[in-house]
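The values are calculated or read from the model by the stated rules, or taken from the named source; none is laboratory data. The structure displayed is predicted, hence computed values, not measured ones. A quick note on method: Cβ atoms are made from the backbone with ideal geometry, for glycine too, and the neighbour counts reach across all protein chains shown. These accessible areas exclude ligands, DNA and RNA; they are computed on the full protein's heavy atoms, side chains included. Shrake-Rupley method; radii C 1.70, N 1.55, O 1.52, S 1.80 Å.
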Amino acid sequence: MRTGRVRSALSRIPLGRAIVALGLVFVAIDIASTVWALRAAREQTIQRAARGFSNVTHVIAEQTAATFDAVDLVLREAARTGNARMAAAGVARLRGELPQTPQVAALLVYDRNGALLARTDRDELVPGLTALHREAGANGVYMSDPYLAPDGRSWRLLLSRRFGDTESGAIAAAIELEGFDRLYHMIDLGQGAFITLMSFEGAVVARVPDPQQLRGRRVMDSAIRDRVLREGSWQGWAHSPVLNRQVLVNVSVVRGFPLFVASGAAEDAVLAPWRDEARLAFDRAALTSAAMLALTALAAWGLARRERALAQSWQRYQAMIEHSSDALILTRPHSGGIVYASPAIERVLGYRMQDLRGREVLELVHPDTRELAVRLRDELLRAPGKLAVDEVQLRHKDGSYRWIELTRENLLNEPSVRAVVMNLRDIGERKDAETERVRLEQRLRQAEKMEAIGRLAGGIAHDFNNILGGILGYAEMLAEHAPPGSPLKRYADNVLAGANRASGLVEQILSYSQSQRGQRAPIDLRGIVAETLELMRGSLPKGVRLEAVLPPSPLHVVGDPTQLHQVAMNLCTNAIQAMEERGTLRVALESVCVTAERALTHGVLRAGTYARLTVTDTGSGMDEATQGRIFEPFFTTKEVGKGTGLGLALVYGIVTDSGGAIDVASTPGRGSRFDMYFPQVDTPAADEELAAQPLSRGNGERVLVVDDEKALLAVTAEILKRAGYEPLACTDAAAAIAAFEGGRVDAVVADEVMPGLSGTQLAIRLRRQRADLPVVLVSGYTGPLLAERAFGAGISEVLKKPVQSRELAAALARALKRA
């Protein structure tokens, strides 16, 4: 009865009104659903952005922590020495470890009062750190605000660790911040996004992008800072003082260090995809509403048209899928496997649809990564709607494995799909390009190692020359007083020869670091080899016997004596090490005539006369693979710490540079033989003893000697006293100025590198009071810049350390004569 009444009421409603009312209801529902969907889409957009920022922040925080961990490991190792004085004494060792941590520009050691004791980079100056070790946290670590490096272009950050308690001093590392800038630039978060690294005080350490140059400025909100310090991380909307707008940001503490990492984007950038979607949705709602009204008025015709449009849309979608270069797979893991594969799968993996139907994608994954693939699949299945992108190796139909970029989305809960959608893209060419890039990076690191040797050599030259100066001075005095022909005379001559050889070696290392050749002249190779063997005899193991066969007359070659000494010394040292404390070392030198061009294992000999140096041992020998690489830089078969891999590389460079060649023969278990061929010349070597001039002597002139090295100062004063001068020794510029003003001074001999005033600055101060004062400058570094500075200061003579007594006396006599 009631149903009949309803039907009767409905029958009385005009059909047009009913259709209009129904159309309006549909339009209202469509608009309401659009608004509701857009609200949900907005939240999803924010959530996706937040997840992305959270992941990026976590990865960056871990990468940053790893970088600082590597630096802190160096500081911890250095801090094990116990106190700052011991660490400062081992600064040379610390300098040698710097190439292993390229992000560290310099290491600095401070005493308990914050005074700088030592540094690996003489130009590194860090302002405002007098209380460094007292300001450190509970774990003994302190981190400074960013500061400009001495070059005025790059920014650095100081990370320090104290030695034990707060009264033991600290060691600090100056960290280059450009590496963080490069790392953050590589991460593409999209338009309007940013990445910021900040200290706990809110000072910006690195920011990408940074158009306002915010590095060093404090920009973090204190409330957010306190919350992150309490909870370890924070995420949400906040007002950015930098952008002056609302931003979605994720902030996390860098593990183990007083730093925050923040990533995020402005509100308009975060919601830009949603706004585009909203515009499209509203446009779509308007069109849909109009269509609904049209369908309501013309139900039959509209329905037919809609069905035709749907059919056309499906045809377009099918055409796009079938002609795409990427392959598409629909699969239902655990319940049917692969249900669809686009035709492009045959081009990517060689299979057809019928080959894959019902199979699991995991069956194609490389066995080495299958366990990881199972774990990633399970994570995807637990998160409906999750999108994941991975690079995997999938088996081709021909049995090979291809690199595939696999994009997967879990749409099992989507009624229209109910599958995991996978997009497969062949990235084999990209992987090949990455492999080539890695190879080129390895070659670049090899070149950087060679450059590091040059920097290390320049760093030790000054101190080593100071040591050699004292050895040379006292050895010369000992040689002058020793009776001719006595063992004492021979010992003194050997010390002089060794010191001169060491001085030449420093020059050669510096030349090597600057890609320069040594001083080449006719040299008696027999004398070089004899001197090397004389030095080697005293250090031979008890079980090693030396057999030497040298010609009765000199053999002259063109070369640098220090380089030739290196050749003989390196070959003999390698031979001794190969024999492991027992065997026979044979060294022979002879003149050979090559009548026709001859190919050796390393080089080609043209017809001519050569001096052949042969070094033979009865050691372990080498296989063919090792023989092919023995002259490569940094290649060594020795244990870690027992070889640098540079000895034979230097030998090869010296021999080939002289126009010679090398022949190597070796048998595993029986020993090795090295033949070095040097072009022989008839020009005799210069007789250094005949060329030596008598020692220039003074007439009681009073000479002010200034050097911060007390040992070198003492030997210089003794040399001048024996040469007829009255030396007045001072260890610093202040004492020298006081001595100059307090009495007569006829000339000055000053070191260039000293604390306080340098030698050239001291000369300028003294010559203001006496313009004709003769000054002789001594330095471990020489070059056009130093010479220009010295002569601009009125210095008439510049000598390079180590200085021999004749050289110093002659320079002083010339300076006094000019005056």
Take the residues in segment 661-686 that are open to solvent by 40 Å² or more (accessible area, probe 1.4 Å) and at pLDDT below 85, then tell me which one is nearest to the chain's Cα centre (by Cα). ALA686
What about VAL251, is it touching a residue at least 40 places away in the same chain (Cβ under 8 Å), surrounded by 15 or more Cβ atoms within 10 Å (Cβ to Cβ) and under 17 Å from GLN47 (Cα atoms)? yes
Just a yes or no: is a residue in segment 249-263 out of contact with any helix residue (DSSP H, G or I) (no Cβ under 7 Å at 6 or more places or on another chain), in a helix (DSSP H, G or I) and either of a type in the set (A, V, I, L, M, F, W, C) or over 30 Å from ASP378 (Cβ atoms) (or both)? no
Picked from segment 646-660 (must be surrounded by 22 or more Cβ atoms within 10 Å (Cβ to Cβ) and among the hydrophobic types (A, V, I, L, M, F, W, C)), the residue modelled with the highest pLDDT is VAL655
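Return the residues of segment 194-211 that are assigned to a strand (DSSP E or B), of a type in the set (A, V, I, L, M, F, W, C) and out of contact with any Gly (no Cβ under 7 Å at 6 or more places or on another chain); say none if nothing qualifies.
Result: ILE195, LEU197, MET198, VAL205, ALA206, VAL208.
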Can you pull out the residues in segment 692-720 that are surrounded by 15 or more Cβ atoms within 10 Å (Cβ to Cβ) and assigned to a helix (DSSP H, G or I)? ALA711, LEU712, LEU713, ALA714, VAL715, THR716, ALA717, GLU718, ILE719, LEU720
Would you be able to tell me the number of residues in segment 782-812 that are under 23 Å from GLY498 (Cβ atoms) and of a type outside the set (S, T, N, Q)? 9
Pairs, please: C-beta under 8 Å, at least 6 apart or cross-chain, first residue at negative phi and in segment 348-367, second of a type in the set (Ser, Thr, Tyr)? MET353/TYR340; GLU360/THR331; VAL361/THR331; HIS366/TYR401
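Among the residues of segment 402-416, how many are under 34 Å from the mean Cα position of the chain (by Cα) and open to solvent by 40 Å² or more (accessible area, probe 1.4 Å)?
2
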Could you list, in sequence order, the residues of segment 218-241 that are surrounded by fewer than 17 Cβ atoms within 10 Å (Cβ to Cβ) and not in a strand (DSSP E or B)? VAL219, ASP221, SER222, ALA223, ASP226, ARG227, LEU229, ARG230, GLU231, GLY232, PRO241
Taking segment 176-217 and keeping only residues that are aromatic (Phe, Trp, Tyr) and buried (at least 18 other Cβ atoms within 10 Å of the Cβ), one is left with PHE180, TYR184, PHE194
From the list ALA37, ALA92, exactly one residue is open to solvent by 20 Å² or more (accessible area, probe 1.4 Å), in contact with a helix residue (DSSP H, G or I) (Cβ under 9 Å, 6 or more places away or on another chain) and under 30 Å from ALA272 (Cα atoms). Which is it? ALA37
Do any residues in segment 105-121 that are charged (D, E, K, R) have Cβ atoms under 6 Å from those of residues that are surrounded by fewer than 19 Cβ atoms within 10 Å (Cβ to Cβ), where the two are at least six apart or on different chains, and which pairs are they? ASP111/LEU117; ARG112/GLU167
If ASP772 satisfies every condition in (1) surrounded by 15 or more Cβ atoms within 10 Å (Cβ to Cβ); (2) of a type outside the set (Ser, Thr, Tyr); (3) over 40 Å from the mean Cα position of the chain (by Cα) but one, which is the exception? (1)
Yes or no: ARG501 at pLDDT below 70, closer than 28 Å to SER779 by Cβ and of a type in the set (Lys, Arg)? yes
Pairs returned, first residue in segment 266-278 that is in contact (Cβ under 8 Å) with a residue 40 or more places away in the chain, second residue that is part of a strand (DSSP E or B) and buried (at least 17 other Cβ atoms within 10 Å of the Cβ), beta-carbon separation under 7 angstrom, 6 or more apart or interchain, are ALA266/VAL247; ALA269/ALA193; VAL270/LEU248
Condition test on SER342, is it open to solvent by 50 Å² or more (accessible area, probe 1.4 Å), small (Gly, Ala, Ser) and under 30 Å from THR45 (Cβ atoms)? no
For segment 95-134, the count of residues that are modelled with pLDDT under 75, open to solvent by 20 Å² or more (accessible area, probe 1.4 Å) and closer than 30 Å to ARG182 by Cβ equals 13
